[in-house]
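Student: Below is the structure I would like to discuss, written out as structure tokens.
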Amino acid sequence: MPYPLLPMSTPYPQLRTLQREAATLASVNHLLNWDQETYMPHAAGDFRSDQQSLVAGMVHERKTSPRLGELIAACEADTALDARAKASVREMRRDFDRETKLPRSLVEELSKTQSQSQEVWKEARAKNDFALFAPWLEKVMGLTRRKAECYGVPTFAGGVKGELYDALLDEYEPGMSAREIESIFTPLRARLAGLVAAIAQSRNKPDRKVLELKFSQEQHTRFCRSVLEAMQFDLNAGRLDVATHPFCSGFAPGDTRLTFRWKTDNLLEPLYCVMHEAGHGLYEQGLPKSEHFGEPLGEAISLGIHESQSRMWENFVGRSRAFWTWALPHAKQAYAPSLDSLTTDTMFRVVNIVQPSFIRVEADEATYNLHVMLRFAIERALISQQLAVKDLPEVWNSTFKEFVGIDVPDDRRGCLQDVHWSFGLVGYFPTYTLGNLYAAQMWETINGHLPDLDDQLARGQFGALKHWLNQNVHAHGREFSASELCRKITGKPLSADPLLRHLEGKLKPIYGL
């Protein structure tokens, strides 16, 4: 292990060693979960939950060991550490203090229940049977609420007391509160709703015929891999597989795995699944894991920043005219002869169609955030117990109608569509919209630094963008908070204005507004 300069008698290298050992064990659990999502036989589900519960308990024991706490305290008093090492120790303290608030029994029970719940969710979703999943969701939410109670309700700047949901949100977006998110989401929803309504009234709509064509998995995979390689995702250090719910897992140095899903009658979903997950994957591959695996310096800052990378590649690159100038000839080759008559302008209009739909991961760029806001409101109510699990479908459907404007036909396309709650991932959903906001704000800065970026994308040259992100986002690990990184990169606090400028600037000309 290439640990630097300080002798092992000093506490920092010892601390790094313990952190790396815990992360190595945790990576085994990540691998078990990846296998469950991809190739594990359904009948293995019960035993897999035992495996994951046991490993989760072992990881928790290592992350809360008294020796780890002693070394963190010793490093906090070590004046010889440089700024990055001090930042790493700061984040280790944060993680240790949170982890030690959780009893091992709860960690093991959560892990086992989440693994079992995931298998039931798959069956319930396939059968469109919420009643099958409801008892498990009730159990997961109860355990997740207990976890939040162990963490405790946080207090924010100025002595402002938060809510129980904030304790869970802090796991994914440190320092952010539900009240702050609500203050961003409420006006954003109003402006997005206005834009979507204006588009709905437009008579200048793109032709949807290309979206009705049918293609094979082989064709989708061929085209998606060509885009993945152009994005410079390292397939020697990663994989691309099929799963029910697309995701990215960065297990360890040299092992970052992507999944996507496909349908015979959907040209665009596989591409944007792959570009989205590849954005996450490039972040994972860009982190300094070889040197700092297991340490905060080798980890992502927050899920909001992580999501900014995926949404940037999916939308700001993948739905641009410049991208399709390069990509359309490759698509025509992969899907020959179905796309032979298409032009770049037609494709640009098609990939930016705005039309309310039921499935979040299939939603267009303008309505996507409305899906996120719905989930934020509902899971916040579930944790506060203002909403009972049994009432979830009814509340989901009525809120969806209010936010998106269409009636949900069934629970499979409603409250059963996402895997997140079966895992107890509460506080995760709002980071998707935060990622869109960070991405838009970074994109304006990037174009200032790379003024010929569109010309590069039109030639299929994505290296300069990837390098910029490697240097300005990925390389820092968790040295800075998300808000600090936003200011460091853009010179401004997070704002919804860049995202709205991006959407309005692109969509209004397409729809003649």
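The values are calculated or read from the model by the stated rules, or taken from the named source; none is laboratory data. Computed from a prediction, not measured in an experiment: that's the story for all the values here. Positions of Cβ are generated from backbone atoms using ideal geometry, with glycine treated the same way; all protein chains shown enter the neighbour counts.
Student: Quickly run through the range 148-169 and pick out the residues that are charged (D, E, K, R) and farther than 18 Å from PRO430 by Cβ.
Tutor: If the condition is that a residue be charged (D, E, K, R) and farther than 18 Å from PRO430 by Cβ, then GLU149, LYS161 are the ones that fit.
Student: OK, next. In contact with a Gly (Cβ under 8 Å, 6 or more places away or on another chain), surrounded by fewer than 19 Cβ atoms within 10 Å (Cβ to Cβ) and in a helix (DSSP H, G or I) - does that describe any residue in the range 469-478?
Tutor: Yes, some residue in the range 469-478 is in contact with a Gly (Cβ under 8 Å, 6 or more places away or on another chain), surrounded by fewer than 19 Cβ atoms within 10 Å (Cβ to Cβ) and in a helix (DSSP H, G or I).
Student: Among the residues of the range 130-178, count how many are outside any helix (DSSP H, G or I), out of contact with any strand residue (DSSP E or B) (no Cβ under 9 Å at 6 or more places or on another chain) and surrounded by 16 or more Cβ atoms within 10 Å (Cβ to Cβ).
Tutor: Of the residues in that region, 4 qualify.
Student: Can you pull out the residues in the range 48-99 that are part of a loop (DSSP other than H, G, I, E, B) and not small (Gly, Ala, Ser)?
Tutor: Residues satisfying the conditions are THR64, ASP78, THR79, LEU81, ASP82.
Student: Residue under question is TYR432, and the condition is that it be of a type in the set (Ser, Thr, Tyr) and not in a helix (DSSP H, G or I); does it hold?
Tutor: So TYR432 fails the test.
Student: Return the residues of the range 407-429 that are part of a helix (DSSP H, G or I), surrounded by fewer than 21 Cβ atoms within 10 Å (Cβ to Cβ) and touching a helix residue (DSSP H, G or I) at 6+ places or on another chain (Cβ under 9 Å); say none if nothing qualifies.
Tutor: Across the range 407-429, the qualifying residues are ARG412, HIS420, PHE423.
Student: Please determine, by comparing only the residues of the range 259-308 that are charged (D, E, K, R), touching a residue at least 12 places away in the same chain (Cβ under 8 Å) and closer than 23 Å to GLU362 by Cβ, which one is surrounded by the fewest Cβ atoms within 10 Å (Cβ to Cβ).
Tutor: Ranking the qualifying residues of the range 259-308, first place goes to ASP265.
Student: State yes or no: is PHE423 modelled with pLDDT under 95, under 23 Å from the mean Cα position of the chain (by Cα) and among the hydrophobic types (A, V, I, L, M, F, W, C)?
Tutor: Spelling it out, PHE423 is indeed modelled with pLDDT under 95, under 23 Å from the mean Cα position of the chain (by Cα) and among the hydrophobic types (A, V, I, L, M, F, W, C).
Student: When you look at LEU507, is it over 21 Å from the mean Cα position of the chain (by Cα) and surrounded by 21 or more Cβ atoms within 10 Å (Cβ to Cβ), yes or no?
Tutor: It is true that LEU507 is over 21 Å from the mean Cα position of the chain (by Cα) and surrounded by 21 or more Cβ atoms within 10 Å (Cβ to Cβ).
Student: Within the set of pairs 6 or more residues apart or between chains, which connect a residue that is surrounded by 13 or more Cβ atoms within 10 Å (Cβ to Cβ) inside the range 25-53 to a residue that is of a type in the set (Phe, Trp, Tyr) with Cβ atoms less than 7 Å apart?
Tutor: Taking only residues 6 or more apart or on different chains, the pairs are SER27/PHE251; HIS30/PHE251; LEU31/PHE251; GLU37/PHE247.
Student: How do the pairs read when you match residues in the range 218-237 that are part of a helix (DSSP H, G or I) with residues anywhere that are crowded, with 16+ Cβ neighbours inside 10 Å and of a type in the set (Ser, Thr, Tyr), using Cβ under 7 Å and keeping only pairs 6 or more apart or on different chains?
Tutor: GLN219/TYR335; PHE223/TYR335; ALA237/THR256
Student: Checking LYS127 against (1) in the same structural domain as LYS101 (by TED's automatic domain parsing); (2) closer than 22 Å to THR431 by Cα, only one condition comes out false. Which one?
Tutor: Going through (1) in the same structural domain as LYS101 (by TED's automatic domain parsing); (2) closer than 22 Å to THR431 by Cα one by one, LYS127 breaks only (2).
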